[in-house]
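Q: Right, I'll just put the structure down here and ask away after.
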Amino acid sequence: MLQQALAFLIETVFHLFILATLVRFWMQALRAPARNPFAQFTMALTDFAVKPVRRLVPGFFKLDLASLAVAWGAEVVLLAILSLLQGVELVNGTAISVILFLALVKLLRLT
């Protein structure tokens, strides 16, 4: 019971962050004005993670791929934590590759 509550809490916090990074990506892709309070809140919430990644992952056709990379990375971490809570060992490469692919699918579903 405690494990399910902890998993729910972790999943909720991660999904809020992942959705904020996806909103940041779509706002920049659709050229939404950044002077409204919602856009400023989204930028402030995700700046700590997106700005360092932006140095490594450049934009492509004026799309902010760093935001997508952060969202995908957060989804991978979320799935790894949830798998560890369920007792799945992440030692072999098969489990890690499944988590990487499943994170991409879940990210597309959230989008």
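The values are calculated or read from the model by the stated rules, or taken from the named source; none is laboratory data. Note that the coordinates shown come from a computational prediction; the quantities given were computed from them, not determined experimentally. All Cβ positions, glycine included, derive from the backbone under ideal geometry; neighbour counts span all protein chains shown. Heads up: the accessible areas ignore ligands, DNA and RNA and are worked out on the full protein's heavy atoms, side chains in. Shrake-Rupley method; radii C 1.70, N 1.55, O 1.52, S 1.80 Å.
Q: Among the residues of the stretch 67-87, write down those that are open to solvent by 20 Å² or more (accessible area, probe 1.4 Å), at pLDDT 90 or above and either of a type in the set (G, A, S) or under 10 Å from V53 (Cβ atoms) (or both).
A: Answer for the stretch 67-87, where residues must be open to solvent by 20 Å² or more (accessible area, probe 1.4 Å), at pLDDT 90 or above and either of a type in the set (G, A, S) or under 10 Å from V53 (Cβ atoms) (or both): just G73.
Q: Right, something else. Counting only residues that are over 17 Å from R109 (Cβ atoms), in a helix (DSSP H, G or I) and open to solvent by 70 Å² or more (accessible area, probe 1.4 Å), how many does the stretch 1-33 have?
A: Selection size over the stretch 1-33: 7.
Q: Could you check the stretch 54-64 and list, in sequence order, the residues that are among the aliphatic types (A, V, I, L, M) and either open to solvent by 70 Å² or more (accessible area, probe 1.4 Å) or modelled with pLDDT of 85 or more (or both)?
A: L56
Q: Looking at the structure I just gave you, is L68 in contact with a helix residue (DSSP H, G or I) (Cβ under 6 Å, 6 or more places away or on another chain) and of a type outside the set (F, W, Y)?
A: yes
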